[in-house]
């Protein structure tokens, strides 16, 4: 109730919506109304084939949970996402630090990098399928490339923003190149690197789903694609519900981590 | 007791047998937005081994430029800088440089910042020994109780002191200081001057010290180089013949000190008026 404004001339119903309980309560009521309309309204019943219904979707979800279908797909998506993300981050940070420290190489490469950065990576998906097959490796590669460029540009920016005087101070103390990277560049670029990594989580998830929609035999994206292909809208909606839950959890997780990160 | 002779103008460019640093006709021009700014006219200066030399002059007279050239962080537009008889062509690792703006690492605490030189291979030291050195240094510069603060949590004067401790801890043979005491209150400044004097005398360092404060310069220096307003050039070099060790708290009240101060001030005042509106 801490954030409730002083009562003043508000009516009691206005006050209700500004309290946390009131806000959450009204949201739940709104969702309940939508679900009820979707479930029971005559229009919705007439279009069941296209629109499905909350109860049917829940039923399908329950069935997937019980027979284990869901876990296999969910696991596949999360593994692809995590592996691609990890590879992309490590390669992006490493390359970024290197280019940050070799400004001449960086100048030569920057137009090329800018070109690749601007390219929607999903355009590479069919190519990766040819090169690496339909299994996880092509999808991991796609996610890794997407994450790589996001983390790379952020790392380069971070290194570029480092106060040159800090570096000169250490050079005069006799620091070697590696010592400067380890003790100054990495730390100074850290806030930028974290920003890049945070942004990329969502891109990694989206890219994984897109890759699975395009060519896959497992994963949540594949589940959506499979069910839509069979005109099983209920199945497609059920898979989308899982995706929504995943993104909400991911967002929640990220904001928690962010809150914990220390600032100097 | 404190005998001091009249200022003496040396002929620039004369070789000194034991010169530690030689500036030979160094010149510096900056290009800023298509404008040529001459920071330093052709300048010659010999800095002797174990000498404490102060550079004074109006703002923008190239004092900091001289330090940057000696540190090898800048290249002269013309002329050469010799250090121990060898030309400085890149970062000069034999000098410790305390810049005007401190370059403490913002993510490190005070004690970690002060220890950093001892973590490098070039000054490697066992950790426990390094921590002892850091502790001593922190006491020396009066930062006890602030060991675990980050630079952002320190005052300007404290940051200056931390930056100084960070450089002094690895005992460079030559110390370049760019207005290190500007942000300190006067009592603390005197304490630091005292410490700096005993440290540099004890360890036989050569010091090039840039300052605005004539009193500071007289208290500490063997020689004072007076530079003229931009483009900087050497106007005069004053010998300070006060006995060492000097009592930094009392030397200011001697007549020799005030005479020297007056002479320096006469030399500087026209230029300072000119310099401020640049």
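Values in this text are rule-based calculations from the coordinates and carry no lab data. These numbers come from a predicted model, not from an experiment. Positions of Cβ are generated from backbone atoms using ideal geometry, with glycine treated the same way; all protein chains shown enter the neighbour counts.
For the pair residue A:18 and residue A:251, a Förster radius of 22 Å applied to the C-beta separation gives a FRET efficiency near 0.35, rounded to the nearest 0.05. Sorted ascending by nearby beta carbons within 10 Å, beginning with the fewest, B:63, B:121 become B:121, B:63. Here the simple spin-label model places points 7 Å from the Cα toward Cβ, and for residue A:228 and residue B:155 these points are separated by 6.5 nm. By the Kirkwood approach, averaging reciprocal distances over each pair of separate Cα atoms, chain A gets a hydrodynamic radius of 22.1 Å. Helix B:110-119 and the longest principal axis of the Cα set of chain B meet at an angle near 80°. Remark: mean inter-chain Cβ contacts per residue of B:89-101 equal 3, using a 10 Å Cβ-Cβ cutoff to other protein chain atoms.
Seen against the Cα atoms of chain B and their longest principal axis, helix B:255-276 is set at about 80 degrees.
Rounded to the nearest 500, what is the 222 nm mean residue ellipticity of chain A from helices alone, with -39500 (n - 2.57) per DSSP H run of 4+ residues and division by all residues? Walk me through the numbers before you get to the answer.
Values: 14 runs with 213 residues, N = 264.
Value at 222 nm, helices only: -26500 deg cm²/dmol.
Residues B:129, B:267, B:38, arranged from fewest to most other Cβ atoms within 10 angstrom of their Cβ, appear as B:129, B:38, B:267. Put simply, when B:151-160, A:245-254, A:193-202 are sorted by average Cβ atoms within 10 angstrom per residue, most first, you get A:193-202, B:151-160, A:245-254. Label positions at residue B:135 and residue A:130, each projected 7 Å from the Cα along the C-beta direction, are separated by 6.8 nm.
Taking the Cβ-Cβ separation of residue B:36 and residue B:258 as r and a Förster radius of 30 Å, what is the calculated FRET efficiency to the nearest 0.05? Kindly include the intermediate steps, with their values, before the conclusion.
Numbers: r = 41 Å, r/R0 = 1.36.
Step by step, r from the Cβ atoms, then E = 0.15.
Thinking of chain B as a set of Cα atoms, what percent of all their pairs are more than 29 Å apart?
Working: 12981 of 38503 pairs.
More than 29 Å apart: 34 percent of the Cα pairs in chain B.
Remark on region B:149-278: Rg and Dmax equal 15.6, 44 Å (Cα only). Within the listed set A:110, A:137, A:12, the residue fluctuating most in the Gaussian network model of chain A (springs between alpha-carbon atoms under 10 angstrom) is A:12.
For the ranges A:58-68, A:33-43, what's the packing order if you count other beta-carbon atoms within 10 Å of each residue, average per peptide, and put the highest first? Before the final figure, lay out each step's value.
Details: A:58-68: 13.9, A:33-43: 11.6.
Descending mean neighbour count gives A:58-68, A:33-43.
Listed peptides A:211-221, A:122-132, B:90-100 appear in the order A:211-221, B:90-100, A:122-132 once ranked by packing, highest mean of other Cβ atoms within 10 Å at the front. Temperature 20 °C, viscosity 1.002 mPa s: under these conditions the Stokes-Einstein estimate for region B:13-158, based on its Kirkwood radius over C-alpha pairs, is 120 µm² per second.
All distinct Cα pairs of the protein assembly as shown go into the 1/r average, and the inverse of that average, the Kirkwood radius, is 29.0 Å. Given axes a ≥ b ≥ c from the Cα gyration tensor, I'd like to know whether region A:115-160 is rounded (a/c under 1.5), prolate (a/b larger than b/c) or oblate. It is prolate, given that a/c is not under 1.5 and a/b is the larger ratio. Helix A:20-40: angle to the longest alpha-carbon principal axis of chain A, degrees 0 to 90, nearest 10? In chain A, helix A:20-40 runs at an angle near 60 degrees to the longest axis. Here the ratio of the Cα radius of gyration of region B:70-139 to 2.2 N^0.38 Å is 1.41.
In peptide A:162-171, how many Cβ atoms from other protein chains are near each Cβ within 10 Å, on average? Mind showing how you got there, number by number?
Details: counts 0, 4, 2, 7, 5, 2, 8, 15, 6, 8.
Mean partner shielding for this stretch: 6.
Only helices enter this figure: runs of n ≥ 4 DSSP H residues, each worth -39500 (n - 2.57), summed and divided by the residues of chain B, yield -10500 deg cm²/dmol at 222 nm to the nearest 500.
Comparing Cα centroids, region A:157-179 and region B:187-256 end up 31 angstrom apart. Comparing mean-square fluctuations of A:172, A:74, A:150 from a GNM of chain A with C-alpha springs under 10 Å, the top value falls on A:172. Shape class for region B:117-180, computed from the alpha carbon gyration tensor (a ≥ b ≥ c): oblate, with a/c not under 1.5 and a/b at or below b/c. Our summary of shape: the Cα atoms of region A:1-137 have principal axis extents of 66, 50, 28 Å, ordered from largest down, in whole angstrom.
Looking at region A:68-120, I'd like the Rg to Rh ratio, where Rg is from alpha-carbon atoms and Rh is Kirkwood's inverse mean 1/r. Ratio value, two decimals: 1.24.
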